[in-house]
Amino acid sequence: MSDGTPVWHGTTILSIRKGNQVVIAGDGQVSLGDTVIKGSARKVRRLGDGAVIGGFAGATADAFTLFERLEGKLEQYPGQLTRACVEMAKDWRTDRYLRRLEAMMAVADKDVSLVLTGNGDVLEPDDGVIGIGSGGNYALAAARALVDQDDIDTEAIARKAMQIAADICVYTNTQLIVEKL
């Protein structure tokens, strides 16, 4: 913000799909300007009946609003994560209130991993790896370097990549929440 008010900063969310497993990991740091406000925030959670996991980057209240909206769409379109996300993205983009929300989401079920944005984007990565938030690109690069190794499982890749992101991004810590399907 240009008025000198401190801005809530950062998070790192990483989703990795490998074989028949999918993991979403998120750090716990919440920062206001250059001050860490909380180190153990829960930015990754199970949605609906537990068959979907999601993580958010951005303003916390906005993200929880979006989680609630997505859960509603999942109830409307059970077992159809992509359809639920497309319908939510339409609302997010066209609703006056939702348009002002500042957050991104990574969501996954047993079949698909998606990134959702306020621009109406619902994107599925080609390689099954998603990184969002202030440290997202660092975690994404690390995960891509590790994902083809046969001797390391999905959760271990996520933990290692998140450690690398935390070593680089000052808005990312190592207090991880990891959910897997």
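The values are calculated or read from the model by the stated rules, or taken from the named source; none is laboratory data. Keep in mind that what you see is a predicted model, and the values were worked out from it rather than measured. Don't worry about glycine lacking a Cβ; one is built from the backbone with ideal geometry, like all the others, and counts go over all protein chains shown.
Structure notes:
- Filter result for the condition that a residue is at pLDDT 90 or above, surrounded by 22 or more Cβ atoms within 10 Å (Cβ to Cβ) and under 20 Å from residue 177 (Cα atoms), over 115, 52: 52
- In segment 30-41, the residues that are surrounded by 13 or more Cβ atoms within 10 Å (Cβ to Cβ) form Cβ pairs under 6 Å with partners that are modelled with pLDDT under 85 and not acidic (Asp, Glu), at six or more places apart or across chains, as follows: 31/9; 31/10; 32/6; 32/8.
- Flag if residue 58 is within 19 Å of residue 172 (Cβ to Cβ), crowded, with 19+ Cβ neighbours inside 10 Å and in contact (Cβ under 8 Å) with a residue 40 or more places away in the chain: yes
- Looking only at segment 125-167, and only at residues there that are touching a residue at least 24 places away in the same chain (Cβ under 8 Å) and in a loop (DSSP other than H, G, I, E, B), the one that is farthest from residue 34 (Cα to Cα): 153
- Count of segment 59-84 residues which are more than 24 Å from residue 37 (Cα to Cα), part of a helix (DSSP H, G or I) and out of contact with any Asp or Glu (no Cβ under 7 Å at 6 or more places or on another chain): 10
- Residue count for segment 7-58 under the criterion of being among the charged types (D, E, K, R) and part of a strand (DSSP E or B): the result is 5.
- Of all residues in segment 143-156, exactly one satisfies the criterion of being farther than 20 Å from residue 46 by Cα and within 16 Å of the chain's Cα centre (by Cα), namely 143.
- Flag for residue 122 being surrounded by 15 or more Cβ atoms within 10 Å (Cβ to Cβ), under 16 Å from the mean Cα position of the chain (by Cα), hydrophobic (A, V, I, L, M, F, W, C) and closer than 20 Å to residue 41 by Cβ: no
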